[in-house]
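Undergrad: Sharing a structure here in structure tokens format.
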Amino acid sequence: MLHYQIIPVTHYRQNCTLLWCDETQHAAVVDPGGNIDLIQQAIHERHLILEKILLTHGHLDHVGGVAALAAALNVPIEGPHVDDMYWINQLPLQAQMMGFSASQSFQPDLFFVDGDQVTFGNIQLQIRHCPGHTPGHIIFYHRESELALVGDVLFHGSIGRTDFPRGNYNDLVNSIRQKLWPLGDDVKFIPGHGPMSTFGDERKNNAFVADKKFG
């Protein structure tokens, strides 16, 4: 069974998520943007074995702590899609521009494409490539739990920004409607920031992507 703990990190309060398999106690961390002491503390308190770091996209608040955490715990870095190396290569510049402490760029051990799967312990997550917020943004979906980790694609009542370099509003809306909605209205999702919601609630009430907006 999949369990999770949301760990807000950085002054952006980004939802880093610790995932673990209760049968093996093996874990993965999604989007460790910073405050790696808090992440390591959560891993230690639950007596987990961190197997890998998973990334939805390359923005600093999601990946700023990746290099340090990977080095500290000697684990591989997997994701996002290769198109987000544009952002990962600019991490030192992103940190300077956004008022973060210095952050190292890194080379992921594995990139994902649409339709891939990733495992840790006995847990298997499906990958969907969802460009728009960034060109290489992906989401993770656990079918058995009806849980998705969507990074900055979709929020409760909003959607990701597309005014950054290589953002694209039409791509983002298409990603949400074509890649997320088919997973089912009952799917709960952890966004990159803010509270959880369900795809069904957003289809009804999210002014940016509600079904009624598209007739």
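Undergrad: Pick out the one residue from I123, I139 that is at pLDDT 95 or above and either of a type in the set (G, A, S) or in contact with a Leu (Cβ under 6 Å, 6 or more places away or on another chain) (or both).
TA: The conditions single out I123.
Undergrad: Among the candidates Q107, Q117, Q96, single out the residue that is over 23 Å from P131 (Cα atoms), surrounded by fewer than 18 Cβ atoms within 10 Å (Cβ to Cβ) and not charged (D, E, K, R).
TA: After ruling out the rest, the residue left standing is Q96.
Undergrad: When the residues of segment 52-68 are narrowed to those that are surrounded by fewer than 24 Cβ atoms within 10 Å (Cβ to Cβ) and touching a Pro at 6+ places or on another chain (Cβ under 9 Å), which ends up farthest from V118 (Cα to Cα)?
TA: The extreme case among them is A68.
Undergrad: From (1) among the hydroxyl-bearing types (S, T, Y); (2) closer than 26 Å to F164 by Cα; (3) at pLDDT 95 or above; (4) surrounded by fewer than 23 Cβ atoms within 10 Å (Cβ to Cβ), pick out the condition that doesn't hold for S101.
TA: All conditions pass for S101, except number (3).
Undergrad: Of these, D61, D83, which one is within 14 Å of V30 (Cα to Cα), in contact (Cβ under 8 Å) with a residue 40 or more places away in the chain, of a type outside the set (S, T, N, Q) and in a helix (DSSP H, G or I)?
TA: D61
Undergrad: Would you check if D84 is of a type outside the set (F, W, Y), in contact with a His (Cβ under 7 Å, 6 or more places away or on another chain) and either within 14 Å of V63 (Cβ to Cβ) or surrounded by fewer than 19 Cβ atoms within 10 Å (Cβ to Cβ) (or both)?
TA: When the stated conditions are applied, D84 passes them.
Undergrad: Check whether at least one residue in segment 147-162 is at pLDDT 95 or above, of a type in the set (D, E) and touching a Lys or Arg at 6+ places or on another chain (Cβ under 9 Å), and report yes or no.
TA: Yes - at least one qualifying residue is present in segment 147-162.
Undergrad: Based on this model, can you work out whether L183 counts as surrounded by 22 or more Cβ atoms within 10 Å (Cβ to Cβ) and touching a residue at least 24 places away in the same chain (Cβ under 8 Å)?
TA: no
Undergrad: Could you check segment 86-109 and list, in sequence order, the residues that are among the hydrophobic types (A, V, I, L, M, F, W, C), in contact with an Asp or Glu (Cβ under 9 Å, 6 or more places away or on another chain) and in contact (Cβ under 8 Å) with a residue 40 or more places away in the chain?
TA: F100, the sole residue that qualifies.
Undergrad: Give the residue, chosen from S158, S175, that is of a type in the set (S, T, Y) and crowded, with 21+ Cβ neighbours inside 10 Å.
TA: Matching residue, one of S158, S175: S175.
Undergrad: Considering each of G167, G192 in turn, give the residue that is closer than 16 Å to R128 by Cβ, surrounded by 16 or more Cβ atoms within 10 Å (Cβ to Cβ), within 18 Å of the chain's Cα centre (by Cα) and of a type in the set (G, A, S).
TA: Answer to the selection: G192.
Undergrad: When segment 29-54 is examined, which residues are found to be touching a helix residue (DSSP H, G or I) at 6+ places or on another chain (Cβ under 7 Å) and in contact (Cβ under 8 Å) with a residue 60 or more places away in the chain?
TA: D31
Undergrad: Could you list, in sequence order, the residues of segment 158-176 that are touching an Asp or Glu at 6+ places or on another chain (Cβ under 9 Å) and charged (D, E, K, R)?
TA: R161, R166 - these are the residues of segment 158-176 that are touching an Asp or Glu at 6+ places or on another chain (Cβ under 9 Å) and charged (D, E, K, R).
Undergrad: If you don't mind, another one. Determine, yes or no, whether L60 is out of contact with any strand residue (DSSP E or B) (no Cβ under 7 Å at 6 or more places or on another chain) and aliphatic (A, V, I, L, M).
TA: Yes, satisfied.
The values are calculated or read from the model by the stated rules, or taken from the named source; none is laboratory data. From a predicted model like this one, the values you see are computed outputs, not experimental measurements. So basically every Cβ, Gly included, is an ideal-geometry build from the backbone, and we count neighbours across all protein chains shown.
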